[in-house]
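The values are calculated or read from the model by the stated rules, or taken from the named source; none is laboratory data. Remember, it's a predicted structure, so these values are computed and weren't measured experimentally. We place every Cβ from the backbone using ideal geometry, glycine too, and count neighbours over all the protein chains shown.
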Ligand code: ADP
């Protein structure tokens with residue numbers, strides 16, 4: 001499966017331009033992390049990819065053909081978890097998934113429902129009413145419905161919201177496993193969600209792509225731009241973004257990213273988080 005996003009723009013009826021002339025190619029198998037601050041345009045892009053919204057400019061091609069013409073094929077191949085996914089509180093987990101399976105046109109879904117419940121670690125809650133579940137468990141039901149029908153394209157909008165750290169690790173591994181023979185696209189503003197599992201990262205900000213490539217390439221782009229220093233040594237620096245302040249007992253140790261590091265800063269190897277913050281801070285400075 002291949003998706004070509006060609007010069008896509010989206011302006012909402014109120015005049016807000018959420019995406020600006022965005023181009024990107026996605027090809028399975030891969031796990032793509034869409035990163036960006038709140039309001040960057042991630043959800044809008046995902047809604048365009050699932051044909052829940054139409055672009056106001058440009059075009060999206062699915063396997064070489066316009067998405068609008070392939071909508072039926074797309075829906076058959078798609079598992080989607082939107083950001084505000086409504087669940088039916090009075091149904092049990094199994095009843096809800098049975099309902100979603102019917103909407104997807106799955107025949108005899110019993111075994112498959114048990115399997116997706118197992119994949120999201122909810123077997124013990126299979127008969128529980130959704131209204132009795134915790135926020136993280138509800139999110140897992142949302143992920144389970146996306147997995148129904150074994151779709152070739154999985155799109156998850158902020159899938160780890162409400163999950164505790166252990167659950168997030170479980171899902172990272174599950175997404176990574178799924179991506180072995182599928183195209184999995186997940187949006188997040190949490191760097192750890194994409195670190196170590198996503199082969200490709202796309203950073204968007206203010207509706208534009210700031211970076212598309214591997215995590216290693218993103219990290220390399222910040223080499224020479226990360227430094228640490230004691231807060232007491234620091235002068236007023238322009239163009240320096242503090243990414244961490246640690247109270248060590250000997251004073252406050254600062255970590256910062258910037259185009260030009262001051263003399264008193266010792267150079268540090270960038271992490272993915274540093275590189276992401278460097279990219280966003282440069283954009284903000286322009
Ligand atoms: P993200 O998912 O990265 O947080 P969104 O795609 O939700 O970003 O939003 C991008 C921008 O578009 C934001 O400024 C948001 O306020 C605006 N926006 C989103 N949905 C609508 C809408 N239905 N009508 C008008 N503006 C919208």
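For the stretch 231-247, a tally of residues being at pLDDT 85 or above, in contact with a strand residue (DSSP E or B) (Cβ under 6 Å, 6 or more places away or on another chain) and either part of a strand (DSSP E or B) or closer than 15 Å to residue 274 by Cα (or both) returns 7.
When you scan the stretch 204-223, do you find a residue that is part of a helix (DSSP H, G or I), in contact with a strand residue (DSSP E or B) (Cβ under 9 Å, 6 or more places away or on another chain) and free of Cβ contacts under 8 Å to residues at least 12 places away in the same chain, even just one? For the stretch 204-223, residues part of a helix (DSSP H, G or I), in contact with a strand residue (DSSP E or B) (Cβ under 9 Å, 6 or more places away or on another chain) and free of Cβ contacts under 8 Å to residues at least 12 places away in the same chain: present. With respect to the conditions (1) touching a helix residue (DSSP H, G or I) at 6+ places or on another chain (Cβ under 8 Å); (2) over 20 Å from residue 86 (Cβ atoms), residue 133 falls short on a single one, namely (2). For the stretch 41-88, the candidate set comprises residues that are under 21 Å from residue 161 (Cβ atoms) and modelled with pLDDT under 90; within that set, the residue that is nearest to the ligand (Cβ to nearest atom) is 83.
Check the stretch 182-196 and report whether any residue there is more than 20 Å from residue 155 (Cα to Cα), part of a loop (DSSP other than H, G, I, E, B) and touching a residue at least 24 places away in the same chain (Cβ under 8 Å). Checked the stretch 182-196: no residue is more than 20 Å from residue 155 (Cα to Cα), part of a loop (DSSP other than H, G, I, E, B) and touching a residue at least 24 places away in the same chain (Cβ under 8 Å). Selection of the stretch 157-203 for residues being away from the ligand (no atom under 16 Å from the Cβ), out of contact with any strand residue (DSSP E or B) (no Cβ under 8 Å at 6 or more places or on another chain) and over 17 Å from residue 121 (Cβ atoms) yields 180, 181, 192, 195, 196. Mind listing whichever residues of the stretch 271-286 are in contact (Cβ under 8 Å) with a residue 12 or more places away in the chain and farther than 13 Å from residue 241 by Cβ? Within the stretch 271-286, 271, 272 meet the criteria. What do you reckon, is residue 124 surrounded by fewer than 16 Cβ atoms within 10 Å (Cβ to Cβ), out of contact with any helix residue (DSSP H, G or I) (no Cβ under 9 Å at 6 or more places or on another chain), more than 27 Å from residue 205 (Cβ to Cβ) and modelled with pLDDT of 95 or more? Judged against the criteria, residue 124 is a match.
State all residues of the stretch 154-181 that are modelled with pLDDT of 90 or more, over 9 Å from the mean Cα position of the chain (by Cα) and not in a helix (DSSP H, G or I); if no residue qualifies, say none. Scanning the stretch 154-181 gives 154, 179, 180, 181.
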